[in-house]
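Report on the following structure.
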Amino acid sequence: MARKRVTGAAAARMAEEHLRSIGEALPTPVTRCSRDLRYLWVSQPYADWLGHPSEEIVGQPIVDVIGPEAFEAIRPHIDRVLAGTRVEYEAQISFRGPGLRWIHAVYTPTYGTGDTPDGWVAVVFDVDDRHRLEEEHGRLAAIVQNSDDAIVAKTLDGVITSCNPAAERIFGYRADEAIGCPITIIIPPDRLDEEHEVMARLRRGERTGHFDTVRKAKDGSLIDISLTVSPILDAGGRVVGASKIARDITERKRTEAALKELTLTLEERVSERTRELEEINAELDAFGYTVSHDLRAPLRAMDGFAKALMADHADTLGSRGLDYARRIVEAAQRMDLLIQDLLAYSRLSRDELRRERLDLGDVVREALHGLEDEIRTRSASITIADPLGTVLADRATLRQIITNLLTNGIKFVEEGSTPRVRIRSESRGLMERLWVEDNGIGIAPRYHGRIFRVFERLHGIETYPGTGIGLAIVRRGTERMGGRVGVESNAGAGAKFWIELPR
Ligand code: ADP
């Protein structure tokens with residue numbers, strides 16, 4: 001409304017009515033307010049927008065109707081319009097009634113008979129929905145703008161229609177250079193077929209999912225990317241173009257390659273180290289074997305000459321001398337036993353194992369056969385819970401292992417009590433577990449780990465003779481055949497040893 005001087009009360013009234021009829025005809029909220037900040041009239045859309053009948057609004061102070069918060073917000077605009085300026089603004093204001101809304105408002109001053117505005121007409125557009133859409137759009141645009149992935153849109157003919165900053169960075173073309181160009185500027189010649197296929201699928205409305213491929217940058221360099229191509233549909237659901245989201249995976253590919261190489265070198269290093277260790281082990285074993293072997297000769301000499309002394313010079317030796325000679329013989333024999341056991345232990349890792357399917361019952365009976373004397377002297381009772389299972393093992397090694405377990409079962413009992421040993425087996429998945437259970441002195445749990453080591457003994461040889469190698473052989477032998485060993489026992493409560501071997 002242009003500023004216009006109206007003279008005469010009648011003319012002023014006519015103009016007023018004119019204004020009102022125009023205002024009420026508009027589909028958007030319109031109101032006329034007076035200089036003393038009250039409503040003079042409101043259009044129906046205005047009343048509807050505020051949610052009150054117009055009779056309740058007209059004549060009321062503006063602040064009472066729209067609330068102090070909204071009034072504060074529009075106050076500066078009112079000041080300006082009352083100073084004679086047309087005001088147009090867009091703002092988000094919290095109105096009593098409609099709540100927080102974006103509005104676009106135009107305030108025009110009105111003049112009665114005087115020189116200063118007597119009030120103003122306010123035309124209000126509720127632009128809240130538009131704003132929300134714009135915000136949403138802005139957010140989406142920001143996502144596209146800030147994405148690390150290159151996002152390129154193209155027509156079905158393969159003409160680039162937009163590209164984001166990541167695409168500019170990855171492919172090296174500025175957006176204004178790329179838009180309008182064929183997509184083939186970033187496709188290496190040998191990937192053109194792939195592109196045709198992708199486009200064919202898109203025309204059918206299909207997405208491609210992720211796939212790794214190669215694209216060409218402006219400087220000709222090739223870039224490994226992971227690509228997703230999706231159709232762009234128009235409002236009618238027709239495919240009109242395609243969007244491509246490309247992730248630069250050059251770095252990932254490089255890391256993968258580096259990792260692969262590292263793994264390879266690591267594997268090489270490990271196997272080299274293993275080979276070295278195996279060699280050292282073999283050397284050590286050979287050394288142990290020779291030493292043990294060579295030790296036996298002087299030992300036999302000691303044993304032989306001590307016995308000769310006892311036989312030929314008993315008179316001159318006297319009883320004390322004879323006792324010394326006897327002790328030499330005993331010590332030599334004990335040492336021989338130790339060496340024999342050590343030899344057996346080291347043979348375990350030197351000798352080739354011949355694994356075959358064995359009936360545990362057979363091997364147990366063979367072992368018992370070898371122990372007949374011992375069993376008889378100690379009046380031991382042995383029970384076998386037939387049938388025992390079958391295992392894959394080396395016969396001689398397994399016999400040795402079972403013999404050692406049985407010997408211990410018979411040996412480690414309280415003096416004067418009768419040894420009772422029970423043998424049973426059970427299947428556990430792919431393994432067969434053989435139990436050797438006795439009624440002996442048992443082993444406190446804190447020693448369970450130790451007793452399987454070489455020379456570890458819990459008793460003096462006076463109480464229970466032995467070399468401390470028996471269980472070490474049990475463990476090494478079982479493990480070499482792909483099995484495990486264990487014990488369940490408490491001091492004074494008997495012991496249950498087990499070995500587990502592949503079935
Ligand atoms: P050795 O029998 O020659 O002493 P082993 O290696 O066979 O050597 O056993 C190591 C130690 O484990 C034994 O000295 C003994 O203290 C303990 N042990 C082994 N078997 C049993 C058992 N059945 N009951 C109680 N203790 C045992």
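Shape index of the stretch 254-347: Rg/Rh, with Rg the Cα radius of gyration and Rh the Kirkwood radius from the inverse mean 1/r over Cα pairs, equals 1.50. How much length is gained on full extension from SER162 to SER147, taking 0.36 nm per residue of separation minus their Cα-Cα distance? So the extension gain works out to 4.0 nm. A Förster radius of 25 Å, combined with the Cβ-Cβ distance separating ARG347 from GLU272, puts the computed FRET efficiency at roughly 0.35.
Direction-averaged projected area, Cα convex hull, the stretch 147-248: 5.9 nm², rounded to one decimal.
Under 5 Å from the amide H of GLY486 lie the amide H atoms of TRP498, each residue being 5 or more positions distant or on a separate chain, with H modelled from the backbone and absent for Pro and chain starts.
Here the gap between SER94 and GLU372, fully extended at 0.36 nm per residue and compared with their Cα-Cα distance, gives a gain of 89.7 nm. Per-residue Karplus couplings for the stretch 444-461, computed as 6.51 cos²θ - 1.76 cosθ + 1.60 with θ equal to phi - 60°, are listed in order as 5, x, 5, 9, 4, x, 5, 4, 7, 8, 4, 6, 7, 10, 9, 9, x, 5 Hz, Gly and Pro entered as x. Set against the 2.2 N^0.38 Å expectation for a compact globular protein, the stretch 2-126 has a Cα radius of gyration ratio of 1.00.
Close amide H contacts of ARG38 (hydrogens built in the peptide plane, cut-off under 5 Å, sequence separation of 5 or more or a different chain): ILE62. Taking 0.36 nm per residue of sequence separation and removing the Cα-Cα distance, the THR28/ASP64 pair yields an extension gain of 10.8 nm. Judged by the gyration tensor of its Cα atoms, with axes a ≥ b ≥ c, the stretch 278-431 is oblate; a/c meets the 1.5 cut and b/c is at least as large as a/b. For the chain, the Cα gyration tensor yields ellipsoid semi-axes of 106, 34, 22 Å (square root of five times each eigenvalue, largest first, whole Å). Across the stretch 426-432, rounded Karplus estimates of 3J(HN,Hα) from the backbone phi angles (6.51 cos²θ - 1.76 cosθ + 1.60, θ = phi - 60°) give 8, 8, 9, x, 7, 10, 10 Hz, Gly and Pro being marked x. With a ≥ b ≥ c taken as the square roots of the eigenvalues of the C-alpha gyration tensor of the stretch 437-503, please select rounded if a/c is under 1.5 and otherwise prolate if a/b is larger than b/c or oblate if it is not? Cα axes put the stretch 437-503 in the oblate bin.
For LYS260, the lysines whose Cα comes closer than 27 Å to its Cα, not counting residues fewer than 8 places off in the same chain, are LYS216.
Taking amide H positions as modeled 1.01 Å from N, with prolines and chain starts lacking one, the residues under 5 Å from ASP394 and 5 or more places away or on another chain are GLU356.
Just so you know, all these numbers are worked out from the coordinates, no wet-lab data involved. Model, not experiment: these values are computed from the prediction. For neighbour counting, all protein chains shown are included, and Cβ atoms are generated from backbone atoms with ideal geometry for every residue, glycine included.
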